[in-house]
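Worksheet: one structure, shown below.
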Amino acid sequence: YVLNDEINQHFKKFFDFFDNNIMPHNRKEEKILFPILNEALLNSNEHGTVETPVTAVDIMEDDHIKFIQLGALTFNLLGLAPRYRDEQARIFTYDVAYHNAKELIELLKLHIFREDNILLPLAKKYLSAKQLSAIEKALTK
């Protein structure tokens, strides 16, 4: 594993995008869409049958937490690895960072798929046109 200026620029671009686009998008969803949709799903019995009902919103919120965890872990490992004098420790740390970054990217792709194919169709099914319009306005602010 080698970190050079070109690779660092790609990491910077990714983490800038992550911080400036993905995280604000997630916060908007959590604040605006998720509470309304979760209530509608619970009221429509569109949830798991365990003791504490789990909805699609709960799964999406879990993804958001995993994004933060994997992003922070990857970022910190990439900063830690070059500080090791021991080459094996450095390579191991880069390897862990690499695999965490791959997991983050795959989770982001899966999350987008879930949004497009599960969450948004559920919102269209269980929310009124008025609710959807209000959510859309709030999300675009």
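Shown for the chain: the carbon plus sulfur share of the solvent-accessible area, taken with all protein chains present and a 1.4 angstrom probe, equals 57%.
Note on residue 102: lysines with a C-alpha under 26 Å away, same-chain residues under 8 apart excluded, are 12, 13, 28, 66.
In region 1-76, the inverse of the mean reciprocal separation of distinct Cα atoms equals 14.6 Å; this is its Kirkwood hydrodynamic radius. Accessible surface for the chain, divided over its residues, is 68 Å² per residue with a 1.4 Å probe.
Using Stokes-Einstein with the Kirkwood hydrodynamic radius over Cα pairs, what translational diffusion coefficient do you get for region 34-74 at 37 °C and a viscosity of 0.692 mPa s, in µm²/s rounded to a whole number? Can you show the working numbers first?
On the way: Rh = 11.2 Å.
The calculation lands on 294 µm²/s.
Relative to the longest principal axis of the Cα atoms of the chain, helix 56-80 runs at roughly 10 degrees. Where only DSSP H runs of four or more residues are counted, the chain gives -23500 deg cm²/dmol as its mean residue ellipticity at 222 nm, each run worth -39500 (n - 2.57).
When +1 charges are put on Lys and Arg Cβ atoms and -1 charges on Asp and Glu Cβ atoms, the dipole computed for the chain relative to its Cα centre reaches about 440 debye. Across the chain, Cα pairs under 8 Å and at least six residues apart give a relative contact order of 27 percent. The angle separating the long axis of helix 34-43 from the principal Cα axis of greatest extent in the chain is about 50 degrees.
What are the trypsin sites (Lys or Arg not before Pro) within region 32-121 that DSSP puts in a loop, where the Cβ has at most 14 other Cβ atoms within 10 Å? Walk me through the numbers on the way to the answer.
Values: sites: 66, 83, 85, 90, 102, 109, 114; in loops: 85.
Sites meeting the loop and neighbour criteria: 85.
To one decimal place, what Kirkwood hydrodynamic radius in Å is obtained for the chain from all pairs of distinct Cα atoms? For the chain, the Kirkwood estimate is 17.2 Å.
The values are calculated or read from the model by the stated rules, or taken from the named source; none is laboratory data. Since we're looking at a predicted model, the values are computed, not measured. No Cβ is skipped: glycine too gets one built from the backbone with ideal geometry, and neighbour counts run over all protein chains shown. Accessible surface areas use protein heavy atoms only, side chains included; no ligands, DNA or RNA. Shrake-Rupley method; radii C 1.70, N 1.55, O 1.52, S 1.80 Å.
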